[in-house]
Structure formats: structure tokens, C-alpha cells
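A.B. asks: Take this structure, written in C-alpha cells, and hold onto it; I'll ask about it next.
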Amino acid sequence: GEELVFNGIFHGKLLKIDKGNRTSLKFNNMKNEMFLVYQGKVELTCSDERHFEDPIQHPSRVYNLSAGEFINVQAGCPYQFNALTNCLIFEIGDNNAASNKVIIDDDYGRQTDSETYVFIEPDQKKE
């Protein structure tokens with residue numbers, strides 16, 4: 001997406017995800033984010049910040065989001081979007097530090113940290 005800066009405190013990005021594609025599985029150490037689905041339908045897989053310590057007590061979940069719906073993802077929580085249709089998603093975050101992001105899995109060849117962080121996929125119950 002394209003990076004947009006708002007007043008130096010918040011920043012934003014417009015994510016364009018084609019049907020059948022997904023973002024990297026990642027989390028941010030210090031950035032809290034809000035995602036608004038502007039157009040399309042998307043499946044979000046995410047967990048809380050304690051997932052890596054105890055994935056049984058803190059399992060990942062799948063949420064289906066449509067245009068007009070939003071979700072907050074706090075710092076330390078792993079997440080990944082999977083586009084069910086062509087999607088436009090606004091991302092607004094409170095910290096834009098480049099070293100903030102940890103990529104666990106990626107379909108596009110970017111460097112990952114999958115040996116340090118093991119993400120347990122959810123069962124297929126959708127919320």
C-alpha cells in the first residue's frame with residue numbers, strides 16, 4: 001500500500017489485496033493498529049500477544065470482515081489477512097518505527113523470523 005502520514009503521531013496505509021492473495025503473517029512490537037475494510041470481504045487470522053507463550057490458552061482465531069467493518073490489533077498480536085474478494089483496507093497505526101515489524105511467514109520472499117516464533121493455525125471455526 002501507499003504510506004500516508006497524519007500529524008507525525010498516526011500514520012496510515014491503504015492495502016489493496018487481490019482475491020486469493022494474503023498479507024504476510026506478522027506482528028508489530030510497538031504499533032497498535034486499526035483496520036477498516038473499505039471494500040470487499042476478507043478473512044483475518046489473528047491471536048493475542050500471549051499466543052507465542054501459550055497457544056493452547058491463547059489460540060488464534062479467524063474473523064470474516066466485510067466492507068464497513070473494522071478491527072483493532074494491539075502491539076504484539078500476530079495477524080494475517082486473506083482476501084476473499086478484491087479488497088481495499090485502511091490501516092491506521094500509532095507508531096511507524098521501521099524495526100517494529102516481525103514477519104513470521106510470507107508468500108513473497110521477504111525475510112521471516114519463523115524459527116523464533118511458531119504460530120499455531122486456528123481450527124476452521126469462523127467468528
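Coordinate-derived values only; no laboratory data. Not measured: the values here are computed from a predicted model. Positions of Cβ are generated from backbone atoms using ideal geometry, with glycine treated the same way; all protein chains shown enter the neighbour counts.
A.B. asks: Among the aspartates and glutamates, select those whose C-alpha is under 13 Å from the C-alpha of residue 19, and discard any that sit fewer than 8 residues away in the same chain.
C.D. replies: In chain and number order, the partners are 43.
A.B. asks: Where a Cα-Cα gap under 12 Å defines reach, which aspartates and glutamates qualify for residue 41, not counting those fewer than 8 residues away within the same chain?
C.D. replies: Partners within reach: 18, 69.
A.B. asks: Within the stretch 31-127, list the trypsin sites (Lys or Arg not before Pro) lying in a DSSP loop whose Cβ has at most 12 other Cβ atoms in a 10 Å radius.
C.D. replies: Of the trypsin sites (Lys or Arg not before Pro), the ones in loops of the stretch 31-127 whose Cβ has at most 12 other Cβ atoms within 10 Å are 50, 110, 125.
A.B. asks: Among 39, 111, 74, which one shows the highest mean-square fluctuation when the chain is modelled as a Gaussian network with alpha-carbon springs under 10 Å?
C.D. replies: Largest GNM mean-square fluctuation: 111.
A.B. asks: Still on this model: Hey, got a sec? Which GluC sites (Glu not before Pro) in the stretch 33-90 land in a DSSP loop and have at most 15 other Cβ atoms within 10 Å?
C.D. replies: On the way: sites: 33, 43, 49, 53, 69; in loops: 49, 53, 69.
Sparse-neighbourhood loop GluC sites (Glu not before Pro): 49, 53, 69.
A.B. asks: Still on this model: GNM on the chain, C-alpha springs below 10 Å: top fluctuator among 68, 93, 76?
C.D. replies: 68
A.B. asks: Considering the options 95, 37, 24, tell which one lies farthest towards the positive end of the dipole of the chain, charges being +1 on Lys and Arg and -1 on Asp and Glu at the Cβ, about the Cα centre.
C.D. replies: Comparing the listed Cα positions along the dipole, 37 ranks first.
A.B. asks: Dipole magnitude of the chain about its Cα centre, charges +1 at Lys/Arg Cβ and -1 at Asp/Glu Cβ only, in debye to the nearest 20? Write down the numbers at each step before the final one.
C.D. replies: Details: 13 positive and 20 negative charges, 72 e Å.
My answer is approximately 340 debye.
A.B. asks: Continuing with the same structure: Report, ordered by chain and residue number, the aspartates and glutamates lying within cross-link reach of residue 13, taken as a straight Cα distance under 15 Å and ignoring same-chain residues fewer than 8 apart.
C.D. replies: Qualifying aspartates and glutamates at Cα under 15 Å: 2, 3, 33, 91, 94.
A.B. asks: A further question on this structure: Rounded to the nearest angstrom and ordered from largest down, what semi-axes does the equivalent ellipsoid of the stretch 14-74 get from its C-alpha gyration tensor (root of 5λ)?
C.D. replies: Details: eigenvalues 99, 33, 25 Å².
Output for the stretch 14-74: semi-axes of 22, 13, 11 Å.
A.B. asks: Rounded, prolate or oblate: which one fits the stretch 50-91, using the alpha carbon gyration tensor with axes a ≥ b ≥ c (rounded when a/c is under 1.5, else prolate when a/b beats b/c, else oblate)?
C.D. replies: Numbers: a/c = 2.78, a/b = 2.09, b/c = 1.33.
Cα axes put the stretch 50-91 in the prolate bin.
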